[in-house]
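Please treat every number below as a calculation from the coordinates, not as lab data. Bear in mind that the values here come from a model prediction, so they are computed numbers and not experimental data. All Cβ positions, even for glycine, are placed from backbone atoms using ideal geometry, and neighbour counts span all protein chains on display.
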Amino acid sequence: MKLGRIAIAAALAAMLAVTGCAAGGSNGGGAFDWPEDGEPGGAGNLVIAGPGTELATIEPGEAGSAGHAAPVLRNVIQSLLTRNTETNEIEPLLATEWEAVDDLTWQFTLRDDVTWHDGTPFNAETAAAALTYMWNPEFPYSGNFVTGNATFSAADEYTLEVKLDEPDSLFPARMTIIGLPSPTQIAEAPDTLTSNLIGTGPYKFVSWTPGTDLKLELNTDYFDAKPGMYDTVDWVFREESQVRAQLVQTGEANLAIDTTPEQCAGAESDTATCVEYTTSGFRFIRPDYYNQEVLGDPRIRQAIAYAVDREGITSAFISPSSTVADNPGPVGMVGFSDDVETYAYDEDKAKELVAEAKADGVNTDLPLTVKYRTDFFPGIDDIAQTVVTNLNAVGLNAQVQAMPDAEGLAEYRQGIEPNSIDTITPDRGNIWIATTSNDLLDFFQPGDTLLSCTGRFSVYCNEDFQAEYEAALPLIGDERQEAFADLWKKFYESEVPILPIGYAVNQLVVGSTTQITPRSDGFLPLDEAVGAHPTDQ
Amino acid sequence: MLIYSLKRLAAAFLVIFLVLTAIFFVTQLLGDPVTLVLGDTATPTQIAAVRARLGLDQPLLQQYWQFLVNAAQGSFGDSFWQQQPALQIVFSRLPATFLLAGVAMLVMVPIGVLLGVIAAYRQGSWIERLVNVLSIVSSSLVNFWVALMLILVFAVTLRWLPTSGYGEPQHLVLPVATLSLLQIGVLAQITRTSVAEQLQSQFVSAARARGLSPVRVMLRYALRNALIPIFTVAAGMLIGLMTGAVITEVVFGWPGIGRLLLQAIQDGDLPLIQATVFVSASILVVLTLLVDLAYVRLNPRVRIQ
């Protein structure tokens, strides 16, 4: 694989040179009509190339939220509400209004012009059936957003009532994540839920051929169907990101997702445009220091924070337009701390901290392994190599290990059973390079997964942090913002539970005959995508 | 001939048994399949239930025996990824692999042999030197680089061919060209050496002395006797292509078993890994058996032995 990567680098270097020579001779360009009137559809077939990793499933929990499936399949399955990623405000989707009747009761007024793709009418009763099924913490991804018990029922034909067993100010935010599959499918054909996605969105699922493609068709009955929308969608899977970008350059595809910044920029031509957009996610370092001699010392964790050249890494391997992150979420997140102290790259300071710990008896020669999941996100191998170099430069003993995706995920959570991190062995010296998103735009999300003692991916368990975190959870509004911001500032500056590196910037190569605006949550809103027709000139 | 064939057949079964044994024990090292099946939200109860369903709560030797019994019945279980019988998924990918390998062989063998024959016939000429240089260059290329360069030139710059994909005849051109460019040089070199050696032999001199035409001397005497090493190399290439041209399939989005195996490994999909390796090994064994039997036809000395 190493040779393969060297070959890729050599090939890319040669290609960039050749592409530079060829750009002027592109046969693309020209004038286009962007239809504004008429019947919905009419733009023909939209071809989307990507992602790098094949879909593991199209079951509703995975499709309705983040992950590889979400950018496209959220156009099939929809949630009650959606997030305006420009303003961070929650907005209507399948529900037009919502309110908290009391601390434990929420009511949602549903649209009356929606039908599931299998013909099942959409109303409070069927929506309740769908959400009752989906409110399950064991489902992939969407299960991460399920906490406590909830009872869904119909107050009237188009009013959905939700009873909770504990107050939850984030409940509307959760309803932007959890998609609603067809209740008829749930009741009559549950075995098909992993292979046939039936939702209410602007596109209907047609077929999925693993390893080849996934096909959708326009739902002409969709309440917001517009002229110029694509009639069909062909989502083709290509592991090689360079090829994905080239598919758009040649006009074989309209969109390419998950390319590197260089490939995206290299695809710029008469026929393709590179669009970069900051996402709600961030790359980070998770030192698995629970019970570990070296990483367990806060001075070593601070040394790591000073030693890692986050600015260089962010600029070189995430995107020149990205910025260093010192918060576990984007600006606008509830709990974002404006005045948290950053750890500026300072090798001398890091060496001092390592030496200080060593003088106090910490065996800093113990091996540390910087681990990552291959192809988890673009540039991850370069980031891991740089982190190792940075750590060794300040006197730590680090090495790098790449792992296949599934094996890496298993080890990432190895020993972290729900509600317990006590099974982690004392000699575990892993430092993970990873990424996560913050779809709820609330400190709760990284808190619940990465920072609390019960977090699904957490190796952090500090009693003081836990107590303050739990005390802040029920708060709402400014109190919640202030409590979480203070909590993060206090423990990031003293403990470095995790080390954010930089905000994720995604690249989208867009063909010249397609108009689409990607969202910061990675979702490609195809109901807003418009296909052009070349004019006669 | 019959005894020879039976012996080779028995050896083939032994190899498949050893491959199955290796598959079983090597895949034990890949990690806990239950974690891979259940993902990151499994409870201990769920883990125990799946462990029992997959028979992983049994002693290792019992699991091994059950694996052999199931394999003999063509069952490797359902793919974790696609929730379908793993062997069925592998078989669904075989036509794409066979098509790519078959067309590549049809292109590379005639061209490689022709270049080698010309080089041997025109020894010392600029044609031989050119063929030598081309052979060394092509056999030194890395297929990843070749694939990306072909895409850049013929798809991105000239717009003559699609960058990747499957289903239309034009989708075959670039992957076949990639595979062929890498192998033609090797074939040409082997052919040149082998034919040149034959051209020095007494029976070729005698044929020339009898006034036979150069073409007839080449085809009937020199090339025919030079076929054994050429056949050996070509058969090796065919086996390599049939068992999965992983990088070429990945770059061009070709849905063959090489790409399938890579995906299965990335996903930790043990049933699919086992089924793919088993099918690849079986193809290798069958082709090797056929090659051995073909030797008997091609080389009378093997028949006598």
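Data overview
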item	result
Exposed-loop-free span, longest in chain A, where GluC sites (Glu not before Pro) count as exposed if DSSP calls them loop and at most 14 other C-beta atoms lie within 10 Å	A:342-537
In segment B:171-212, the trypsin sites (Lys or Arg not before Pro) that fall in loop regions by DSSP, at most 16 other Cβ within 10 Å	B:R210
Efficiency of FRET from Cβ geometry, B:I228 and B:R159, R₀ 35 Å, rounded to 0.05	0.20
Partners for A:K226 among aspartates and glutamates (Cα-Cα distance below 13 Å; same-chain residues under 8 apart left out)	A:E36, A:D37, A:E39, A:D527, A:E528
Helix axis angle, B:86-121 relative to chain B longest principal axis, alpha carbon, degrees	20
Cα centre as origin, Lys/Arg/Asp/Glu Cβ charges: segment B:161-305 dipole, Debye	1140
Charge dipole of the protein assembly as shown about the Cα centre (unit charges at C-beta), most positive-ward option of B:A222, A:A173, B:G55	B:A222
Lysines with Cα under 24 Å of A:K490, excluding same-chain neighbours fewer than 8 positions away	A:K349, A:K351
All aspartates and glutamates inside 20 Å of A:K358 as judged from Cα atoms, apart from same-chain residues fewer than 8 positions distant	A:D288, A:E293, A:D297, A:D346, A:E347, A:D348, A:D427, A:E495
Debye equation applied to the C-alpha atoms of segment A:167-239, log10 I(q)/I(0) at 0.16 Å⁻¹	-0.78
Under 11 Å, Cβ to Cβ, from B:G256 - net charge with Lys/Arg +1 and Asp/Glu -1	+1
With Cα atoms, 0 to 90° folded angle of helix B:126-140 axis to chain B main axis	10
A:A398 long-range amide H proximity, modeled H, under 5 Å	A:L368, A:N392
Square roots of 5 times each gyration tensor eigenvalue, C-alpha, the protein assembly as shown, largest first, Å	52, 32, 29
Loop sites in segment B:218-288: chymotrypsin sites (Phe, Trp or Tyr not before Pro), DSSP, at most 16 other Cβ within 10 Å	none
Mean Cα-pair separation over length for chain A, i.e. relative contact order, pairs under 8 Å, 6 or more apart, %	21
